[in-house]
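The structure under discussion appears below in the form of structure tokens.
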Amino acid sequence: MSFAEEFEANLVSLAHVLQKKYALLRDLDKSLQENQRQNEQRCEKEIDDIRKGRAGNITPNTSLTQFSEEAIDEQKHSVRIADEKVALAMQAYDLVDMHVQQLDQYMKKSEEIRKEKEAAAAALELENNGKAGNAGEGGRGGRKKTRLATAASTAAASTGMTSSNMDLDLPVDPNEPTYCICNQVSYGEMVACDNNECKIEWFHFGCVGLKEQPKGKWYCPECATVKKSRKGR
């Protein structure tokens, strides 16, 4: 049984226990009110008898604050009933508080587990992206490599379209790295600049005016301009 199922079962049990305690509280309250009513009547009668000097063994010189043993016992009984009510109320409060603390602990633990799962998923995704990037970008040294975007190649395979006439307005992973002078994600065929210090490195064929892979070494427009300026010095 999971914690949620166990907690739900305990809540059902708690409801029954609280119902019984509240019913007992109502009974005690009725008993207390009746006892207090009788005690007030007895005390009023004894005070009246004291004033009139007709209170059995109570003489006219007796203080008005001194009541019979019966009246005092009734007052003590009222105090005991009140103490029982307080004890029952405290028990009910402790039961509810215990369940609230259990729920707080469960929610805290669930939040920790959720964060751990999200962190593990993010780490796995980052690792997979890194492996995919290394596989597509390995080796430069004059050899032209081709990169195919996952979304683009999947759509091309399912529709029979080529990367040159595809609608590239596809949803992509926001964590996907961007390339080329257009600063977009990889799609279709791409070519790598042979300048090892090139800041961009990978370019889409269409963005640099290529229709097929160039033969020999190839430099992007910016690197080619820098290379020519150095030769002219």
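The values are calculated or read from the model by the stated rules, or taken from the named source; none is laboratory data. Please read all numbers here as calculations on a predicted model, not as lab measurements. Cβ atoms come from the backbone with ideal geometry, glycine included; neighbour counts cover every protein chain shown. Note: accessible area is taken over every heavy atom of the protein model, side chains too, but ligands, DNA and RNA are not part of it. Shrake-Rupley method; radii C 1.70, N 1.55, O 1.52, S 1.80 Å.
Things worth noting here:
- Accessible-area ranking of R230, R114, largest first, probe 1.4 Å: R230, R114
- Filtered chymotrypsin sites (Phe, Trp or Tyr not before Pro), region 1-50: DSSP coil and at most 13 other beta carbons within 10 Å: none
- Computed from phi, the 3J(HN,Hα) profile of region 201-217 under the Karplus parametrisation 6.51, -1.76, 1.60 (θ = phi - 60°) reads 6, 10, 9, 6, 3, x, 6, 10, x, 9, 10, 8, 5, x, 8, x, 6 Hz, with x in place of Gly and Pro.
- In order through region 93-99: 3J(HN,Hα) via Karplus (6.51 cos²θ - 1.76 cosθ + 1.60), integer Hz, x for Gly, Pro: 4, 5, 5, 5, 5, 4, 5
- Pairs with C-alpha atoms separated by more than 21 Å, drawn from the list K20/K85; K30/K76; K52/K76; K30/K85; K199/K228, are K52/K76.
- Only protein heavy atoms count here; on that basis, with a 1.4 Å probe, D104 has an accessible area of about 90 Å².
- Taking a straight Cα-Cα cut-off under 17 Å and skipping sequence neighbours fewer than 8 places away in the same chain, the lysines within cross-link reach of K109 are K117.
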